[in-house]
Amino acid sequence: MVRNPSPLRVNSHHTLVTDAWTADVQTLETGIDAFAVPVAQQYHVSLFEIAGDSQLHVNVTHRHQTKAVKGWSGPGVSAEGFIHNRTFQEAPTAEILRSIRQMVFAARV
């Protein structure tokens, strides 16, 4: 059973298949909302699960290309911008948030 995605937030949204990451994702979204990012630096974070895969998948999309950040794949290119992806298996929530923050604040190319 796929649960409905969260209401669209300004800078993040999630789509979870199970309850395994629910508490972590709520904490992560609160932390993402607290990032003090300049308005000109547009980004969006997607947190999601894939059926049959226990990892938390995270995409960070920027409107402009950014420098690479260790541990993140990409960039992929879409109509929304440049996408970097990373998965997390058992990392503490604070470590996941720190990694997302590094990608959100990656320097523009």
Inset, instruction - Extending each Cα 7 Å along its Cβ direction at K67 and I50, get the distance between those two points in nm, one decimal. - result: 3.0 nm
Legend entry - Degrees, to the nearest 10: 93-104 long Cα axis against longest axis of the chain: 30 degrees
Inset, instruction - Scan the chain and hand back the longest stretch that contains none of the trypsin sites (Lys or Arg not before Pro) lying in DSSP loops with at most 16 other Cβ atoms within 10 Å. - result: 10-62
Legend entry - Dipole magnitude of region 12-104 about its Cα centre (Cβ charges: Lys, Arg +1; Asp, Glu -1), debye to nearest 20: 520 debye
Inset, instruction - Normalise the Cα radius of gyration of the chain by 2.2 N^0.38 Å (N = residues in it) and let me know the number. - result: 1.01
Legend entry - the chain: calculated mean residue ellipticity at 222 nm from DSSP helix runs of at least 4, using -39500 (n - 2.57): -7000 deg cm²/dmol
Legend entry - 0 to 90° range, to nearest 10: angle between helix 22-33 axis and the chain longest Cα axis: 20 degrees
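Values quoted throughout were computed directly from the atomic coordinates according to the rules given, and no laboratory measurement underlies them. Please read these numbers as outputs of a predicted model, since none were measured by experiment. Neighbour counts are summed over all protein chains in view; Cβ atoms, including those assigned to glycine, are modelled from backbone coordinates with ideal geometry.
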